[in-house]
Amino acid sequence: MTVGGGGVGVWAGKQRFPLGLTFAAFVAFAICAALGAWQLQRADWKTHELARIAALKHAPPAPLGPVLAQAAAGEDVTFTPVVADCAPARPAPAGFHLISDNGDWIARTLGACRVAVGAYDGVVVDRGYLLSSRGAPNPPTATLPSPAHVVGVLYARPSPPDVGLKRPAPYVLVAQQETPAAPGVAPTPYPDATDNMQYVGAYWLTWFGLAGVLACVYAAMLWRRYHPKPSPKR
């Protein structure tokens, strides 16, 4: 209702409380705050993980069997340097994983290291890339001697390639050195794992800032709603 007097308009009406808008603002605020808290947890995890990786880089290789036993017990053994003495096996067709390297296709060579440990019958070995595969867009075919003595680092295995193991460990052993060396294969380490952690947990301040901005905008909206400016004098 507006009352006119002396050319001055006075606002005297009542506004309903914006329940729908309040609920939406609360949900958005809660999401932003939760993401900020999650980013803080990720940052804390990254700190511990970087310290663990740094310590493992300078650790001597451990025998593969006990390390896989720790993995079977639920321990994370990613990035652990290991040495493996694989059970003798006949030469077999190698598995391959095509990747891009400086604009060329190369085939990383996969083989089976048979080491019976608990629930596992071995581990997949990434032996490096097949030298003759550079630039070939199709998976090559090659029969190679099975791995015998391998020194390398364990990485998480995203999917179980078919290399003849029925119960492979959930890791891939990236070879740094093989004895005897696989013919025509160059051991090639994976990229530094810490490079992928650069932005892990880095956005906690952004999410908390968005939550704060949202709260300020909502508070300003309520203030304007219940404290409107008087009509200008005429």
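Annotations
- Residue within segment 203-214 that is part of a helix (DSSP H, G or I), over 24 Å from the mean Cα position of the chain (by Cα) and β-branched (V, I, T) present: yes
- Every listed requirement among (1) surrounded by 13 or more Cβ atoms within 10 Å (Cβ to Cβ); (2) modelled with pLDDT under 90 is met by V151 save one, (2).
- Taking the criterion of being more than 19 Å from G65 (Cβ to Cβ), open to solvent by 30 Å² or more (accessible area, probe 1.4 Å) and of a type in the set (S, T, Y), the residues of segment 116-148 that qualify are Y129, S132, T141, T143.
- Boolean, A62 is modelled with pLDDT of 90 or more, touching a strand residue (DSSP E or B) at 6+ places or on another chain (Cβ under 7 Å) and of a type in the set (G, A, S): yes
- Residue selected from segment 215-230 under the condition over 40 Å from the mean Cα position of the chain (by Cα) and farther than 18 Å from L19 by Cβ, by the criterion most open to solvent (accessible area, probe 1.4 Å): K229
- Yes/no for T80 being touching a strand residue (DSSP E or B) at 6+ places or on another chain (Cβ under 9 Å), among the β-branched types (V, I, T) and closer than 26 Å to Q198 by Cβ: yes
- Residues of segment 70-88 satisfying the condition of being under 14 Å from A116 (Cβ atoms) and modelled with pLDDT of 90 or more: A84, D85, C86, A87, P88
- Residue match in segment 103-111 (condition: within 17 Å of R167 (Cα to Cα), charged (D, E, K, R) and open to solvent by less than 70 Å² (accessible area, probe 1.4 Å)): no
- Those residues of segment 185-197 which are more than 11 Å from the chain's Cα centre (by Cα) and either within 18 Å of D44 (Cβ to Cβ) or open to solvent by less than 60 Å² (accessible area, probe 1.4 Å) (or both), in sequence order: V185, A186, T188
- Subset of segment 34-80 [of a type outside the set (A, V, I, L, M) and not in a helix (DSSP H, G or I)]: H58, P60, P61, P63, G74, E75, D76, T78, F79, T80
- Residues located in segment 200-217, provided they are among the aromatic types (F, W, Y) and modelled with pLDDT of 90 or more: W207, F208
- Top-ranked residue of segment 39-66 - restricted to ones that are within 23 Å of V123 (Cα to Cα) and under 22 Å from the mean Cα position of the chain (by Cα), ranked as least open to solvent (accessible area, probe 1.4 Å): I53
- Near pairs, Cβ below 8 angstrom, 6+ apart or cross-chain, from segment 32-56 (within 13 Å of F79 (Cβ to Cβ)) to any residue that is not in a helix (DSSP H, G or I): R52/F79; I53/F79; L56/F79; L56/T80; L56/P81
- Of V3, V27, all but one fail to be modelled with pLDDT of 90 or more, more than 25 Å from the chain's Cα centre (by Cα) and either closer than 30 Å to V153 by Cβ or exposed (fewer than 14 other Cβ atoms within 10 Å of the Cβ) (or both); the exception is V27.
The values are calculated or read from the model by the stated rules, or taken from the named source; none is laboratory data. These figures come from a predicted structure and were not determined experimentally. Counting neighbours? That spans all protein chains shown, and the Cβs are built from the backbone with ideal geometry, glycine included. We work out accessible area using only protein heavy atoms, side chains counted, and drop any ligands, DNA or RNA first. Shrake-Rupley method; radii C 1.70, N 1.55, O 1.52, S 1.80 Å.
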